[in-house]
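Have a look at the structure below before the remarks.
The values are calculated or read from the model by the stated rules, or taken from the named source; none is laboratory data. Predicted, not measured: the structure shown is a model, and the values here were computed from it. Virtual Cβ from ideal backbone geometry, glycine too; neighbours counted across all protein chains shown. For the accessible areas, the whole protein counts, side chains as well, though only heavy atoms, and no ligand, DNA or RNA atoms are used. Shrake-Rupley method; radii C 1.70, N 1.55, O 1.52, S 1.80 Å.
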Amino acid sequence: MSKKLPDGTAPFSVDFPTIRPGSKGPEGAGPFEEKEHPSALLHLSSHVQLPSPSRRVLILEDEPFCAKTYAHALTQGGFEVDVVDNGEGALQMLLETEYCAVVADLCLPGMSGLELLRCVRVHDLDTIVLLVTAAADFSSATEALRHGASQFLLKPLHSKQLLGEVNRAARLHELAVRRRQAMRLLAADQIEEDTRRNQNLLVSRAIDSLRMVFQPIFTADRRLFGYETLLRSGEPSFKGPIDMIEAAEKLGRLHDLGRACRNRAAREFQRTSGNELLFVNLHALDLIDEELLRPESPLASIASRVVLELTERAPLGESDEIPKRVARLRAMGFRIAIDDLGSGYAGLNSLVQLEPEFVKLDMSLVRGLHLSPIRHRLVSLMIDTCNSLGIQVVAEGVEVQEEYNALVALKCPLFQGYLLGKPGPLPDALVA
Ligand code: G
Ligand code: MN
């Protein structure tokens, strides 16, 4: 970025102001490289719609003939033009409108061109100012440079020369605006990256500090049948397990979380000696984690006591990849449950596709089923169907005795819910 702009044809040629995005003003950095096309800066975010830079020019000239000639030349050259004849009016216009360039007479009623230049710089760094004068002197040229004037143009000013200078100013203006936009996007990207890094740290901390709790599942005659293991986050930034799973999913860390949960639960459950089963929730994406199929994993070592719960909430997809995976898991000794059946997220497709050993009736069907004939009938049909197919039903979220009684009467074989036991640590008696 060290190449200087070619000098103009004007008697005093002043370097173009450095309008470096993010800098406080035109001072203190090198000039633009005119070669650089503004669109090159936009590759950063081609998906973001950014406003186009202005093609409007403000002419500040108190001699009507000059003003008219300039306006005509610039309009012919494809610019939109506003004309004012005094400094006050110019300031007002500058506050209201975005200009790519201001063509200003150095000597004006009410305000000198230099004063105006200072105002422009305070207000907007990207507007290019071209000062026109009948007699430029060295001190005003230096002063203009200090305030970032783009060019001194001597009167009489020919239309062609004016148009050439304004065209150049418009290109520089566009470059400055685009660069500023790009810098803003970069800054936004940086903030996003920082947030991501923080979130990643939180997810790592949550994974390190996670706890697994166990909620009992009972048979109809109240014998302990097994436990569903559930995630609890030790990281206070996450309100609960769902929050934590969502953060991990967003950051592509779901496999890390899933593995940590399964390993932790398996290690704890390995220490129990009974025949109870361990029900383990799988996220739809966990199913494609190769680690799940590794025979040496802690969970695989107790596969014959493990039921993998696949949720209906996340679509399992139509491809035959899922049944193939499930077949491999079965070959390792795992059994399969369809979780949340009847939660309304999917049809009975997974039941047909996966032929599970267990079905977990969603708690929305269980809730108050003794009070709702439709719900009662629906649950009755589901239990009968599963019983006849040799699929064991677990009723989830059983909270009151009436729900439990109604389910027993409908020949539901297995029960889980606050009525029977809340999630907590494995009981000492069970741990050898
Ligand atoms: O989707 P899944 O069935 O895995 O969800 C189990 C969740 O339900 C756990 O968060 C668990 O704490 C919660 N839970 C377990 N039993 C009950 C219950 O009886 N009532 C309610 N409202 N929630 C329960
Ligand atoms: Mn579950």
Checking rank on 206-212, 293-299, with mean other Cβ inside 10 Å and highest first, the result is 206-212, 293-299
Rounded to the nearest 10 Å², the 1.4 Å probe accessible area of residue 191 is 110
Place a point 7 Å from the Cα of residue 263 in the direction of its beta carbon; the residues of segment 179-213 whose amide N falls under 13 Å from it are 207-210
Taking every C-alpha to C-alpha distance in segment 209-430 and binning by 5 Å from 0, the per-bin percentages run 1, 7, 14, 19, 20, 18, 12, 7, 2, 0
Per the rule of 0.36 nm per residue minus the C-alpha distance, extending residue 355 to residue 328 adds in nm 8.3 nm
Once both label points are put 7 Å beyond Cα along the C-beta direction, the residue 384-residue 301 separation in nm becomes 4.7
Of 143, 321, ordered by accessible area with the largest first and a 1.4 Å probe, the sequence is 321, 143
One finds, for residue 288 and residue 115 with R0 = 60 angstrom and r their Cβ-Cβ distance, a FRET efficiency to the nearest 0.05 of 0.30
The summed charge of the residue 111 Cβ neighbourhood (under 12 Å; Lys/Arg +1, Asp/Glu -1) stands at -4
Counting sequence-distant residues (5 or more places) and residues on other chains, those with an amide H built under 5 Å from that of residue 81 are 57
Residue by residue through segment 391-400, the couplings from Karplus 6.51 cos²θ - 1.76 cosθ + 1.60 with θ = phi - 60°, in Hz, x for Gly and Pro, are 9, 8, 8, 10, 7, 9, x, 6, 10, 10
The relative contact order of segment 279-432, taking Cα pairs under 8 Å that sit 6 or more residues apart, comes to a percentage of 16
Flagged as over-length at 30 Å C-alpha distance, from 239/422; 324/422; 250/324; 324/360; 250/411, the pairs are 324/422; 250/411
Bridge orientation stat for segment 209-430 from DSSP, antiparallel percent rounded to 5, came to 30
In the neighbourhood of residue 328 defined by beta carbon distances under 12 Å, the net charge of the other residues (Lys, Arg +1; Asp, Glu -1) is +2
Quick shape check on segment 359-432: root eigenvalues a ≥ b ≥ c of the Cα gyration tensor, a/c under 1.5 is rounded, otherwise prolate if a/b tops b/c, else oblate, and it reads oblate
Along segment 86-93, Karplus-curve 3J(HN,Hα) (6.51, -1.76, 1.60; θ = phi - 60°) to the nearest Hz, with x for Gly and Pro, reads 8, x, 4, x, 5, 4, 4, 4
Between residue 226 and residues 5 or more places away or on another chain, the pairs with built amide H atoms under 5 Å apart involve 217, 277
For segment 209-430, the per residue accessible area (1.4 Å probe, Å²) is 46
Length gained, residue 196-residue 221, 0.36 nm per residue minus C-alpha separation, equals 4.0 nm
Between residue 98 and residue 143, Cβ-based FRET efficiency (R0 30 Å, step 0.05) works out to 0.70
Distance in Å, no decimals, from the C-alpha centre of segment 182-214 to the one of segment 223-259 is 16
Computed ³J(HN,Hα) along segment 324-338: with the Karplus parameters 6.51/-1.76/1.60, θ = phi - 60°, integer Hz and x for glycine or proline, the list is 5, 4, 4, 4, 5, 5, 5, 4, 7, x, 6, 10, 10, 10, 8
